[in-house]
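Q: Quick one: the structure is below, and I'll ask about it shortly.
The numbers here are math on the coordinates, done by the rules we state, and not lab data. Keep in mind it's a predicted model, so treat the numbers as computed, not measured. Neighbour counts are summed over all protein chains in view; Cβ atoms, including those assigned to glycine, are modelled from backbone coordinates with ideal geometry.
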Amino acid sequence: MRVVSGKARGISLNSVPGDGTRPILDRVKTALFDILRPRIQGIRVLDLFGGAGSVGIEALSQGAEHCVFLDLSAAAVKIIKENLAATRLSDQAEVRHTDAFGYLRHTSKTFDLLYVAPPQFESLWVQAMHIVAERPELVSENGLVIVQIDPKEYEALQLADFKEVQQRSYGNTLLVFYERVVGAPPS
C-alpha cells in the first residue's frame with residue numbers, strides 16, 4: 001500500500017496488523033482519485049473507520065486542506081499517526097481514537113468529503129449514512145459522501161437531503177457516491 005499521487009507520491013504506508021481492516025487497493029484508490037481530482041483542492045475530509053488512513057492521506061497528498069481520521073482501534077490510530085509522520089502530513093490532520101457514530105452525532109464540523117469504509121458485512125455503512133442524513137450540516141453544500149463496501153452489502157437507501165449519484169465497481173469493492181441535495185424539503 002502506498003500513496004499513489006501528489007506531494008507524498010510513492011511513500012509506502014504501513015497496514016494495520018490483523019484482519020480487522022480492509023485496505024483499499026492501490027488500483028481502486030487511483031480510480032477514486034481520478035474521479036475526485038477536480039474537486040480535491042482545499043477540501044476538508046472526514047475519514048470514518050480510518051484503518052491505516054490511506055484514503056485521507058491520499059486526499060491530503062493531492063491537495064485537501066485538512067483531514068479528520070477516526071478509528072475505534074488503538075492499533076489503527078497508531079498506524080494512522082505513523083503513516084502521517086512518514087508522509088509529513090501530520091500538521092494537516094487530526095487523528096481521533098473514537099467511535100465514528102458518536103463523532104457523527106456530536107461534532108459541529110462540516111466536511112466537503114466523508115469517506116465511509118467500515119468493517120464488512122455488519123451494515124455499519126447503512127447506520128453511518130442514516131446518521132449523516134439526520135445531520136446534513138455535516139456535509140458542505142457541494143459535499144460528497146463516498147461509501148466503500150463489498151458489492152454484496154449494497155442496498156438502496158432513501159435518505160433525506162442526500163441522493164445516490166453513481167456507483168463504481170472494482171472486483172469485490174463497490175464505491176457508492178452520495179451528494180447532498182441542497183434545498184431538499186425538511187425530513
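Q: Can you give me the distance in nm between label points at Glu155 and Ser5, each placed 7 Å from the Cα along the Cα-to-Cβ direction?
A: Each label point lies 7 Å from its Cα, and together they span 3.5 nm.
Q: Which value, in nm² and rounded to one decimal, describes the direction-averaged projected area of the C-alpha convex hull of the chain?
A: The number I arrive at for the chain is 9.6 nm².
Q: If amide H atoms are built 1.01 Å from N in the plane of the peptide, which residues on other chains or at least 5 residues away come under 5 Å of the amide H of Gly143?
A: Arg180
Q: Let me ask something else about it. Mind checking which lysines have their C-alpha under 20 Å from Lys7, skipping anything on the same chain fewer than 8 residues away?
A: Those lysines meeting the cut-off are Lys29, Lys81.
Q: Got the relative contact order for the stretch 84-152 handy, in percent, Cα pairs under 8 Å and 6 or more residues apart?
A: For the stretch 84-152, the relative contact order is 38 percent.
Q: Any idea which of Gln158, Ile146, Ala133 is furthest toward the positive side of the dipole for the stretch 133-174, if Lys and Arg beta-carbons carry +1 and Asp and Glu beta-carbons -1?
A: With unit charges placed on the Cβ atoms, the residue in question is Ile146.
Q: Roughly how many nanometres apart are two label points built 7 Å out from the Cα toward the Cβ at Asp26 and Asn14?
A: With each label placed 7 Å out from Cα toward Cβ, I get 2.0 nm.
Q: Let me ask something else about it. Taking amide H positions as placed 1.01 Å from N in the peptide plane, with prolines and chain starts having none, which residues 5 or more places from Val4, or on another chain, fall under 5 Å of its amide H?
A: HN-HN under 5 Å from Val4: Gly10.
Q: Enumerate the amide H contacts of Leu46 below 5 Å, restricted to partners 5 or more residues apart or on another chain; note that Pro and chain-start residues carry no placed amide H.
A: It is Val68, Leu113, Leu114, Tyr115, by chain and number.
Q: Normalising by the residue count of the chain, find the relative contact order in percent from Cα pairs under 8 Å and 6+ residues apart.
A: Taking the mean separation of contacting Cα pairs over the length of the chain, I get 17 percent.
Q: Quick one: in the stretch 12-76, what % of C-alpha pairs are over 17 Å apart?
A: 41
Q: Order of Ile146, Ile131, Ile80 from fewest to most other C-beta atoms within 10 Å?
A: By the 10 Å Cβ count, ascending: Ile131, Ile146, Ile80.
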